[in-house]
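Before any comments, here is the structure.
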Amino acid sequence: MRIVSGMRPTGKLHLGHYFGVIKNWLNLQDKEECFFFVADWHALTNKYKDTSDLKENTYQLVIDWISCGIDPSKSTIFVQSAIKEHAELSLLLGMLTPKSWLELNPSYKDLKFNLFFQYVRDFLLGKSIKVEEDTLRQIVHDSFYHKREVDFEYLEKGLVDLSIDANLVKEIVFNLKEGDIGKDIDTFGFFGYPVLMAADILIYKAEAVPVGEDQLPHIEISRELARRFNHLYKPVFVEPKALLTESPKLLGIDGRKMSKSYGNTIALSETEEELNKKVLSMKTDTQRIKKSIPGRPEVCNVYTYHNYFTDSQTVKDIYQKCTTAEIGCIECKKILAENLNRFLNPIREKRKELEKDRQFLDKVILEGNEKAREVASKTMKEVRESMGVMF
Ligand code: SF4
């Protein structure tokens, strides 16, 4: 089965990426024909103003992949912008994409919401107003999706600094307009990115695409576009199916979703020192304020991590010792840091090696590009012929 999957080059990968994407790719590359690409054009859809790190991020992404075990002799690793056929197909598919498919695309709306939320949060922080994250998310959500007035009492509870006038915050949140963020992402490129994504997939006649649940609408657009094209012209495209991947249960070090925008990630390239510091700062069971109080591993983020990185016997011991107050959180974290370092060491070593060998990376990318181009240009020949676009 042919698989296509890509990642945007937005910086170094973290553990959330490893367990959410890479681990799945490692399984797939042993059984299927895999095309993995650096989606550098997609990185431009909301970050087109400053492109100074795009090339370096592309290298860093490929370094991360190979360091984690993605093997160029098994998988085709390539860079999207090197295969111009993606752009041509995206343009042609755009001709037959109803605007409503894109307007209704839930991830378009969600991404807009997230950007709006970040904008409001930064705006308030700029005025030294701190609102508890969940509260702010909820009130911004009400204002963004339902155009509802901010719930005053709810907001008041979420104010971190109680000397701040909640009325003022309420006014600011309600009066900030979606359009205030809009300038950056109110672009044709951002609006149409699902069409480019469909082109990325369809051009390889991929039979399956590994995705998280939030990406399902994109696959649906790709399938619909394949059907529409095949019906209007000739049956060129394969309808790709979604290979649903489980979203990782690993949270960030502060217990929220692991995300670079929260600054709570553990990067795969983290040094031992940085990692130890991060693990020691991890949130644990909030009720366990001293060692003599028995802990609740089931609500502790550190314990969840142990389930990923520590052997099962030690995990059992930790559970028992935590619930009977025989082990302190610092000791428990030190065990985790040691195991996490053991997990990351081979990745770090491979990284170091690759960092020094750009020639090898260029070779991998060039060879991958060639393989990808061969398939893509064949499909485009069929597309042009079917549509009668021959000149
Ligand atoms: S001992 Fe470990 S599992 Fe228990 S609360 Fe502390 S960090 Fe969490």
*asked:* If you take every residue apart from Ile70 with its C-beta less than 12 Å away from the C-beta of Ile70, what net charge results, scoring Lys and Arg +1 and Asp and Glu -1?
replied: 0
*If you find the alpha carbon centre of the range 191-224 and of the range 341-371, how far apart are they in angstrom?*
28
*Tally up the carbon and sulfur contribution to the accessible surface of the chain as a whole percent, 1.4 Å probe, everything protein left in place.*
52
*asked:* On the principal axes of its Cα set, how long, how wide and how thick is the range 260-355? Give whole Å, largest value first.
replied: 46, 31, 18
_In Å², and per residue, what accessible area does the chain have when probed at 1.4 Å with the other protein chains present?_
51
*Which listed residue (Gln287, Phe144, Ser247) has the Cα farthest towards the positive end of the charge dipole for the chain, taking +1 on Lys and Arg C-beta and -1 on Asp and Glu C-beta about the Cα centre?*
Ser247
*asked:* For the full complex of protein chains and a 1.4 angstrom probe, list Ser281, Ser75 by accessible area with the highest value first.
replied: Ser281, Ser75
*Additional length obtainable on full extension of the chain from Glu382 to Glu355, 0.36 nm per residue less Cα span*: 5.7 nm
*How much of Asp311 can a 1.4 Å solvent probe reach, expressed as accessible area in Å² and rounded to 10?*
90
*asked:* Ordering Arg288, Arg2 by accessible area with a probe of 1.4 Å, largest first, what comes out?
replied: Arg2, Arg288
*Projected-area average for the range 91-145 over all orientations - Cα convex hull basis, square nanometres*: 4.9
_What percentages make up the Cα-Cα pair-distance distribution of the range 12-165 when the bins are 5 Å wide from 0?_
2, 7, 11, 13, 13, 13, 13, 11, 8, 5, 3, 1, 0
*Taking only Cα atoms, what is the 0 to 90° angle, nearest 10, from helix 329-355's long axis to the longest principal axis of the chain?*
30
*Full-stretch length increase - Leu244, Arg296 - with 0.36 nm per residue and alpha-carbon distance subtracted*: 15.5 nm
*Considering only Asn167, Asn57, Asn230, give the residue with the highest GNM mean-square fluctuation for the chain, with springs between Cα atoms whenever their separation is below 10 Å.*
Asn167
*Over the chain: helical MRE at 222 nm, DSSP H runs n ≥ 4 each giving -39500 (n - 2.57), nearest 500*: -18000 deg cm²/dmol
_Efficiency of FRET between Arg373 and Lys234 - r from beta-carbon atoms, R0 35 angstrom, step 0.05_ = 0.95
*Return the whole-Å distance between the Cα centroid of the range 247-298 and the Cα centroid of the range 1-71.*
25
_Working only with C-alpha atoms, what are the Rg and Dmax values of the range 321-391, expressed in angstrom?_
25.5, 77
*Return one number: the angle in degrees, 0 to 90 and rounded to the nearest 10, between the long axis of the Cα atoms of helix 193-202 and the longest principal axis of the Cα atoms of the chain.*
60
*Accessible heavy-atom area order of Asp71, Asp186, highest first, probe of 1.4 Å*: Asp186, Asp71
*With all protein chains present, calculate the accessible area of Glu374 using a 1.4 Å probe and round the result to the nearest 10 Å².*
130
*Estimated FRET transfer efficiency when R0 is 30 angstrom, pair Asp165-Glu133 (beta carbons, to 0.05)*: 0.90
*trypsin sites (Lys or Arg not before Pro) within the range 306-391, DSSP loop, no more than 13 other Cβ atoms inside 10 Å*: Lys356
*How many Å³ per residue does the convex hull of the Cα positions in the chain occupy?*
160
*asked:* Suppose the chain between Glu33 and Gln215 were pulled fully straight at 0.36 nm per residue; how much longer would it get relative to their current alpha carbon spacing?
replied: 63.4 nm
_Too-long pairs where the Cα-Cα distance tops 20 Å, listed order kept, from Lys157/Lys290; Lys12/Lys352; Lys257/Lys278; Lys127/Lys170_ = Lys157/Lys290
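The values are calculated or read from the model by the stated rules, or taken from the named source; none is laboratory data. What you see is a predicted model, and the numbers here were worked out from it, not measured in a lab. Positions of Cβ are backbone-derived with ideal geometry, glycine not excepted, and every protein chain shown enters the neighbour counts. Just so you know, the surface numbers come from the protein's heavy atoms only, side chains and all, with ligands and any DNA or RNA stripped out. Shrake-Rupley method; radii C 1.70, N 1.55, O 1.52, S 1.80 Å.
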